[in-house]
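Down below is the structure, laid out as structure tokens.
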Amino acid sequence: MSARIEMVSPDSALPGRDTPLVVGRPHLVFATSLDGPAPDDTQTAYVAMGCFWGAERVFYEWPGVVSTAVGYQGGFTANPTYDEVCTGRTGHAETVRVIFDPSRVSYGDVLRRFFESHDPTQGNRQGADVGTQYRSALFWVDEQQAASAAAVRDVYQRVLAERGYGSITTEISAAGPFYLAEEYHQQYLVSHPHGYCGLGGTGVSCPVGLSIPATES
């Protein structure tokens, strides 16, 4: 099996570097800092659903989201470059950091948009994009997000199975370091409105209201 579709082991991962990437310009939609802390009274979600160019657009166009950024998460290499991630030897997924106003958008809403905006049954690929960097993943920041993600996945699995889809392969794991991607990747489809977007959903609605644990606000 190709190394691109197998998860690299920690011992075999590229070493990376100590110096983080800095993106100096602000967000092209919100004019927010991509390096600064999240604003007060917001929440953060991390989602991976294939090529992060189209995935980021799904969220920055959504009312209630106040900032986004793309980066690399879920792997082993510190401060990787895009070229390194593309080798499959860092273990990272192309990830979108979504900062949202919980008075307007709940984490359950984020989960619904995540599951409906891509095909979560494809393993280490999304459409024509193949490799572990394109895997479906939810990186949770607290136990409530973890429980909600698992509950929605399980309900959506039953709905997808009824429509003939296979098993959901979405990784659900604790959020480790999020490494910003290079500046040209950030809000790529704003600066390149006719650029590539390989994102495509199943067309199957995700019944989030039936699946979020009672503790979810």
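The values are calculated or read from the model by the stated rules, or taken from the named source; none is laboratory data. Quantities reported herein were computed from a predicted structural model and do not represent experimental measurements. When we count neighbours, we look across all protein chains shown, and the Cβ atoms used for this are built from the backbone with ideal geometry, even at glycine.
Please determine, by comparing only the residues of region 34-44 that are under 14 Å from Gly71 (Cβ atoms) and of a type outside the set (A, V, I, L, M), which one is modelled with the lowest pLDDT.
Checking each candidate, the answer is Asp35.
Name, by its number, the condition in (1) within 28 Å of Ile168 (Cβ to Cβ); (2) modelled with pLDDT of 95 or more; (3) assigned to a loop (DSSP other than H, G, I, E, B) that does not hold for Met1.
Here Met1 meets the rest and fails (2).
Do we have any residue at all in region 120-133 that's among the β-branched types (Val, Ile, Thr), within 22 Å of Gly75 (Cβ to Cβ) and part of a strand (DSSP E or B)?
Yes: region 120-133 contains one or more residues that are among the β-branched types (Val, Ile, Thr), within 22 Å of Gly75 (Cβ to Cβ) and part of a strand (DSSP E or B).
Taking the condition of being in a loop (DSSP other than H, G, I, E, B), crowded, with 16+ Cβ neighbours inside 10 Å and out of contact with any helix residue (DSSP H, G or I) (no Cβ under 9 Å at 6 or more places or on another chain), how many residues in region 80-104 meet it?
Residues flagged as in a loop (DSSP other than H, G, I, E, B), crowded, with 16+ Cβ neighbours inside 10 Å and out of contact with any helix residue (DSSP H, G or I) (no Cβ under 9 Å at 6 or more places or on another chain) within region 80-104 amount to 2.
Six or more apart or on different chains, Cβ under 8 Å: which pairs go from a residue in region 190-206 that's farther than 20 Å from Glu94 by Cβ to one that's of a type outside the set (Asp, Glu) and part of a loop (DSSP other than H, G, I, E, B)? Could you list them?
Final answer for the pair search is Val204/Arg163; Val204/Tyr165.
Kindly indicate which of Tyr179, Tyr188, Tyr156, Tyr184 is of a type in the set (Ser, Thr, Tyr) and surrounded by fewer than 13 Cβ atoms within 10 Å (Cβ to Cβ).
Tyr184
Can you name every residue in region 64-81 that is of a type outside the set (A, V, I, L, M) and touching a Phe, Trp or Tyr at 6+ places or on another chain (Cβ under 8 Å)?
Gly64, Ser67, Thr68, Gly71, Tyr72, Gln73, Gly74, Asn79, Pro80 - these are the residues of region 64-81 that are of a type outside the set (A, V, I, L, M) and touching a Phe, Trp or Tyr at 6+ places or on another chain (Cβ under 8 Å).
Tell me which residues, restricted to region 147-174, are touching a residue at least 60 places away in the same chain (Cβ under 8 Å) and either part of a helix (DSSP H, G or I) or β-branched (Val, Ile, Thr) (or both).
Ala147, Ser148, Ala151, Val152
Filter region 143-195 for residues that are within 19 Å of the chain's Cα centre (by Cα) and at positive phi and give the result.
Gln187
Within region 21-35, is even one residue of a type outside the set (S, T, N, Q) and touching a Pro at 6+ places or on another chain (Cβ under 8 Å)?
yes
Return a yes/no flag: does region 56-77 have any residue that is surrounded by 20 or more Cβ atoms within 10 Å (Cβ to Cβ) and over 24 Å from Tyr188 (Cα atoms).
Yes, because at least one residue in region 56-77 is surrounded by 20 or more Cβ atoms within 10 Å (Cβ to Cβ) and over 24 Å from Tyr188 (Cα atoms).
Okay, residues lined up against (1) in contact with a helix residue (DSSP H, G or I) (Cβ under 6 Å, 6 or more places away or on another chain); (2) buried (at least 17 other Cβ atoms within 10 Å of the Cβ):
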| site | (1), (2) |
| --- | --- |
| Arg135 | no, yes |
| Leu138 | yes, yes |
| Glu143 | no, no |
| Glu162 | no, no |
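Could you tell me how many of the residues in region 4-50 are surrounded by 14 or more Cβ atoms within 10 Å (Cβ to Cβ), not in a loop (DSSP other than H, G, I, E, B) and not polar (S, T, N, Q)?
8
For Gln144, work out the one condition from (1) without any contact (Cβ under 8 Å) to a residue 40 or more places away in the chain; (2) farther than 24 Å from Val85 by Cβ it doesn't fulfil.
Answer for Gln144: the failing condition is (1).
Give all pairs with beta carbons closer than 6 Å in which a residue from region 85-96 that is farther than 17 Å from Pro177 by Cα meets a residue that is modelled with pLDDT under 95; count only pairs at least 6 apart in sequence or on separate chains.
These pairs meet every condition: Gly88/Ala3; Gly88/Arg4.
Looking at Val96, is it of a type in the set (Val, Ile, Thr) and out of contact with any His (no Cβ under 9 Å at 6 or more places or on another chain)?
Yes.
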